[in-house]
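Q: Just passing along the structure, written as C-alpha cells.
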Amino acid sequence: MSKRLLILTAMLFLVSSQTHAQAVRDYISIVGSSTVYPFATVVAETFGKTTQFKTPKIESTGSGGGFKLFCDGIGVKYPDITDSSRAIKQSEIDMCATNGVTDIIEIKIGYDGIVIANSKETSPFGLSRKDLFLALAKQIPDPENSGELTPNPHKTWKEINDRLPNIAIEVLGPPPTSGTRDAFVELAMEAGCSRFDWIETLKKTDKKQYQSICHTIREDGAYIEAGENDNLIVQKLETNPHALGIFGFSFLEQNTDKVQGLAIDGILPEFEAIADNSYPVSRPLFLYVKKSHVGMIPGIQAFLNEFTSEKAWGEDGYLTDKGLIPMTAAERDHFTENARQLRANIFMDSE
Amino acid sequence: MNKRMPARPKTIDRINQGLAKRHASEKLFHRMGLLSLLFGITCVAILFSSIISKGYTAFQQTFIQIEVHFDEQYFTVSGKDNDTEALSTADYGGMVKQSLRSQFPEAASRQEKRLLYDLVSIGATYQLRNMVMQDPALIGQTTPVWVPANDDVDMLIKGHMKREAPEAERRLRDQQIVWLDQLIAQEQLSLKLNTAFFTNGDSREPELAGIRGALMGSILTLMVTLLLSFPIGVATAVYLEEFAPKNKWTDFIEVNINNLAAVPSIVYGLLGLAVFINFIGFPRSAPLVGGLVLTLMTLPTIIIASRAALKSVPPSIREAALGIGASKMQTVFFHVLPLAFPGMLTGTIIGMAQALGETAPLLMIGMVAFIVDIPSGIFDPATVLPVQIFLWADSPERAFVERTSAAIMVLLGFLIIMNAIAVMLRKKFERRW
C-alpha cells in the first residue's frame, strides 16, 4: 500500500533528521535591526562569495527583537551577531548576563540619516525641529497659559510658522514598532520639544511626564502610519505632492528623481552633512558580537574583518554605495582595531 | 346582507398583476449577481495587469559585452603552487576593469574610472571566475564575454529611469550615458533572457538576485508539510468519521477542529517557536520547522475536507460491503476510501496552496531572513517565495520593484498550477450519486 509506504518514509525522514539536528552550525547567524539589514546583507554576500565560508544568514527582527534572541544564551542554537540602530541598553546587558552572555564586542559601523522629504512637484521648505514637534506632537504647550498643555490645534504648516507654506500638515511615517520611528522621535521631536524651557526643566524633575509630552505623536490623522516599507512612503509622496514622508537616507538616494529631502534646522540631508554630524537627525548603527562564539562558529573573525575593511565601510566602500554614512577615519581605525583584537568592550566579565 | 364584491378577482389576475413586479425583482437580482461577478473579475484583472506590466521586464536583463584578456600575470599567486587556490583567488575584478579601460581609454581620472567600473555588475567577477574554474585553458586567451550590467544601467535601458532628467536627479552620470550609447551603437549592449533570476539565490545586487533559493525553500517546506499533514489528516478524518463513537468527546473534538481552522496563522508560528525550536531544539530558519508549523496550520483544512468527502460516500456502499462479510477495516480501505479519495486530494491541495502563500507563522521561526546559499536539505537555512517577495518589496534599489512583481508572477503561477491540478483530479475521479 503506497499510503503506508508514505507514512513510513515520513517517519524515517524525521528519525534520521533527529540526529542531524544537533550537529554543528557551519554558517554565521545574524539577527537585528531592519535598518542595518541592507548593509549587513551586502557584507554577508560579498563574504560568502569571496571566502570559503558559507554566506551568513541574516534575519531582520528589529533592534529590540535582535537583542532578545541574542541574549538568550551561548551555543549554536543562538545567534552570533545582532545588529542594532541604537546602542545596547543596560536592561539588555543585564538580560544577556543572566543567560551567561558576557564579553560582547561592540562595533559601530557608521551612521544613518533620517530624512523628511516631499515630492519634487512641490517646492521644498526648510523645517526646524521645533516646527516638527509643533506639527506632530499630540499635545503642545499652550501659548496662552505658560506651563499648560493643549491638544495640538495646528492644521497647516503656516499656523506653526509664518514663513512655512499654507498647506495642510500631512506626514507619512513609520509605525511605533520601527526603529526609524524611535530615532525620529528621539532626535527630532524630543530636540524640538526641549526648546520650551519649562519642558526642559521637567526633564530633571519628572522624566516620565517629559517623555510623554515629547514622545507622543498625534493621532488625529495628521501623522499617517504608512507601514515599515519605505518604498511605499516614496510611492505615496509621488501621488500626494503636499504630504511629507519620513524614511531612511538610502531611500532618498535611490529616488532623487522623485522626492527631495527637506532641510532640518537649515541643513539639507546630504552625504557630507550626515557624515560630519551637522545634520541633526542621524544616528549611529552598531554590530554586537558574542566573543565566545568566535572559535565555535567558523568565519566570525573573517566576517568582522570584511565588515571593518576600507573596501566595505570606507569612504569609497561598497557600503556607502548602499547608503551607509561612514565614520571618520579615526573612528574607523578604532573600531577596526577592536574587531581585529576581539576586544570585548561591553563589560569585561560577569564579575 | 352579505355584500360581495361584484367580480371577485380570479387567481390568474392576481398573478398577472404581480407578474411585472416579480419579473423586475428577478431581473434586479440577476443584474446584481452579474455586477458582483464583474466587480470581482475587474479587480483580478487590474491586479494581474499591474503585476504583469510591472514584472515582465524582470525576465530580461541588460548585458554588456567586454573583451576579457585572461592574462597569466593575474594567476600567479606568490609562493603557492596550489592550482585551484590560484584560480579561485585570482584578481578577476582587475581583469574586468582592465577590459573596460581598454574599451574606453578616455577615462583617465580616478573619478572617471570609478564611473566606468560602475557600469558593470559585480557579478561579472564571479562569472569570470566560474569560466576559468571550468576551463583553465582560457588563461592567456582573449575572448568576448557578455557580463550583466549594473542595476542602474538596466533600469535606464528598460526605461524605468528617465534619461531626460537632470544629471543630479538620476543615478547615472552624463558621462556614463555617453559610454552606454557607444556600447549600444557597437552592439555591445543588449537585453537577454535573465537566467540568473531562475538559477541564483537571493542577492543584494538586483541583477544577481534570483528566486531559486526561495523556490527550493518552498518546495522543501511543502514536502515536509505534505508528508506529515496528508497521512495524519486522512487518518484523523477516517477515524472520526468511520470508527469513533458519537459522544460528547467526539463532539468536543469536532468543535475544536473547526475552531483551529479559523485560528490566525501567526499563532501557529508562536507555537512552533516554543515547541520545535525552544523545546525540541530544531535549528531556526530550517524548512523542517517551517513544514511542521504549516502542517499544524493545514491539518484542520485537510481533516474537514476529508470528512466531507467521506460523508458524501453513500451508506449503501458500506452496507453492501459489510453485508457480504467484509470487516469494518476492509470496508473502509477497499470501498469507502477509494471513493472519497478525490475529495480528500482536493482538500489537501487547497491546504497546500494556502501553505505556499503563508508568511506570518514563518516570521516567528526565523524564515524571514536573507539567505544566499540555495538550501539542499530540510536543515539548511531557507526562506520561501512569499517571504522573498516581502524582502524584495522592502529593498531600496529600484530594480527590485520589477523583481518583486516577477516573483509574484512565479508564486501565482504555482498557485494556479496547484489549483488546476485540484480541479482536474476532481473532474477525473469524482463520482456523482
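The values are calculated or read from the model by the stated rules, or taken from the named source; none is laboratory data. In this text, all values refer to a predicted model and were calculated from it rather than measured experimentally. Methodologically, a virtual Cβ is constructed for each residue, glycine included, from the backbone with ideal geometry; neighbour enumeration extends over all protein chains shown.
Q: Hey, does the stretch A:42-51 have a residue that's without any contact (Cβ under 8 Å) to a residue 40 or more places away in the chain, out of contact with any Phe, Trp or Tyr (no Cβ under 7 Å at 6 or more places or on another chain), more than 7 Å from chain B (Cβ to nearest Cβ) and not in a helix (DSSP H, G or I)?
A: No, that holds for no residue.
Q: While we're here: Could you tell me whether B:Leu215 is under 30 Å from B:Pro386 (Cα atoms), at the interface with chain A (Cβ under 10 Å from one of its Cβ atoms) and not small (Gly, Ala, Ser)? Step through it out loud before you land on a result.
A: On the way: under 30 Å from B:Pro386 (Cα atoms): yes; at the interface with chain A (Cβ under 10 Å from one of its Cβ atoms): no; not small (Gly, Ala, Ser): yes.
In short, no.
Q: One residue is enough: does the stretch B:58-78 have a residue meeting the conditions of a type in the set (Asp, Glu) and in contact with a Ser or Thr (Cβ under 6 Å, 6 or more places away or on another chain)? Working first, answer last.
A: Within the stretch B:58-78, the subset of a type in the set (Asp, Glu) is B:67, B:71-72.
Filter once more, so that each one left must be in contact with a Ser or Thr (Cβ under 6 Å, 6 or more places away or on another chain): B:67.
Yes - at least one qualifying residue is present in the stretch B:58-78.
Q: Report, by residue number, each residue of the stretch A:255-268 that is farther than 21 Å from A:Arg129 by Cβ and surrounded by fewer than 23 Cβ atoms within 10 Å (Cβ to Cβ). Walk me through it before giving the result.
A: At the first step, the residues of the stretch A:255-268 found to be farther than 21 Å from A:Arg129 by Cβ are A:255-258.
Correct list: A:Thr256, A:Asp257, A:Lys258.
Q: Count, please, the residues in the stretch A:63-112 that happen to be over 20 Å from A:Arg343 (Cα atoms) and in contact with a Pro (Cβ under 6 Å, 6 or more places away or on another chain).
A: Residues flagged as over 20 Å from A:Arg343 (Cα atoms) and in contact with a Pro (Cβ under 6 Å, 6 or more places away or on another chain) within the stretch A:63-112 amount to 2.
Q: Among the candidates A:Ala330, A:Ala273, A:Ala312, A:Ala302, single out the residue that is modelled with pLDDT of 85 or more and outside the structural domain of A:Phe39 (by TED's automatic domain parsing). Steps first, please.
A: Details: A:Ala330 fails: outside the structural domain of A:Phe39 (by TED's automatic domain parsing); A:Ala312 fails: outside the structural domain of A:Phe39 (by TED's automatic domain parsing); A:Ala302 fails: outside the structural domain of A:Phe39 (by TED's automatic domain parsing).
Exactly one of A:Ala330, A:Ala273, A:Ala312, A:Ala302 is modelled with pLDDT of 85 or more and outside the structural domain of A:Phe39 (by TED's automatic domain parsing), namely A:Ala273.
Q: Residues A:Ile81, A:Ile93, A:Ile74: which one is in contact (Cβ under 8 Å) with a residue 40 or more places away in the chain, over 17 Å from the mean Cα position of the chain (by Cα) and within 25 Å of B:Leu362 (Cα to Cα)?
A: None of the other options fit; the residue is A:Ile74.
Q: Can I ask one more? Restrict the check to the stretch A:22-36 and report whether at least one residue is in contact (Cβ under 8 Å) with a residue 24 or more places away in the chain, part of a helix (DSSP H, G or I) and not basic (Lys, Arg).
A: No.
Q: Right, another one. Against the definition (under 21 Å from the mean Cα position of the chain (by Cα) and either more than 14 Å from chain B (Cβ to nearest Cβ) or hydroxyl-bearing (Ser, Thr, Tyr) (or both)), how does A:Val234 come out, yes or no?
A: When the stated conditions are applied, A:Val234 does not pass them.
Q: Hey, among B:Pro381, B:Pro386, which residue is in the same structural domain as B:Gly290 (by TED's automatic domain parsing) and touching a strand residue (DSSP E or B) at 6+ places or on another chain (Cβ under 7 Å)?
A: Within the list B:Pro381, B:Pro386, the selection yields B:Pro381.
Q: Which one of these does A:Ser29 not meet: (1) surrounded by fewer than 22 Cβ atoms within 10 Å (Cβ to Cβ); (2) touching a strand residue (DSSP E or B) at 6+ places or on another chain (Cβ under 9 Å); (3) farther than 29 Å from A:Pro280 by Cα; (4) within 10 Å of chain B (Cβ to nearest Cβ)?
A: Tallying (1) surrounded by fewer than 22 Cβ atoms within 10 Å (Cβ to Cβ); (2) touching a strand residue (DSSP E or B) at 6+ places or on another chain (Cβ under 9 Å); (3) farther than 29 Å from A:Pro280 by Cα; (4) within 10 Å of chain B (Cβ to nearest Cβ), A:Ser29 fails exactly one: (1).
Q: Can you tell me which of (1) buried (at least 20 other Cβ atoms within 10 Å of the Cβ); (2) farther than 30 Å from B:Leu172 by Cα; (3) within 8 Å of another protein chain (Cβ to nearest Cβ); (4) touching a Ser or Thr at 6+ places or on another chain (Cβ under 6 Å) is the one B:Met367 doesn't meet?
A: (3)
Q: Please find, within the stretch B:271-295, the residue that is farthest from B:Gly366 (Cα to Cα) out of those that are surrounded by 23 or more Cβ atoms within 10 Å (Cβ to Cβ) and more than 14 Å from every other protein chain (Cβ to nearest Cβ).
A: If we take residues in the stretch B:271-295 being surrounded by 23 or more Cβ atoms within 10 Å (Cβ to Cβ) and more than 14 Å from every other protein chain (Cβ to nearest Cβ), then B:Leu294 is farthest from B:Gly366 (Cα to Cα).
Results for (1) among the β-branched types (Val, Ile, Thr); (2) free of Cβ contacts under 8 Å to residues at least 40 places away in the same chain; (3) under 30 Å from B:Thr404 (Cβ atoms), shown as yes or no for each residue.
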position	(1), (2), (3)
A:Asp162	no, yes, no
A:Leu172	no, no, yes
A:Ser178	no, no, yes
A:Phe196	no, no, no
A:Thr205	yes, yes, no
A:Thr216	yes, no, no
A:Asp220	no, no, no
A:Leu232	no, yes, yes
A:Glu238	no, no, yes
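Q: State all residues of the stretch B:185-212 that are of a type outside the set (Ser, Thr, Tyr), closer than 30 Å to A:Thr46 by Cα, more than 14 Å from chain A (Cβ to nearest Cβ) and more than 18 Å from the chain's Cα centre (by Cα); if no residue qualifies, say none.
A: Once the filter is applied, which keeps residues that are of a type outside the set (Ser, Thr, Tyr), closer than 30 Å to A:Thr46 by Cα, more than 14 Å from chain A (Cβ to nearest Cβ) and more than 18 Å from the chain's Cα centre (by Cα), the stretch B:185-212 yields B:Gln188, B:Leu189, B:Leu191, B:Lys192, B:Leu193.
Q: Separate question: More than 14 Å from chain B (Cβ to nearest Cβ), under 19 Å from the mean Cα position of the chain (by Cα) and either surrounded by 22 or more Cβ atoms within 10 Å (Cβ to Cβ) or not acidic (Asp, Glu) (or both): is that true of A:Val281 in this structure?
A: The answer is yes for A:Val281.
Q: Select the helices (runs of 4 or more DSSP H) contained entirely in the stretch B:249-345, then report the ones holding at least 2 residues which are of a type in the set (Val, Ile, Thr).
A: Working: elements: B:265-272, B:287-311, B:315-323, B:328-331.
Qualifying helices (runs of 4 or more DSSP H): B:265-272, B:287-311.
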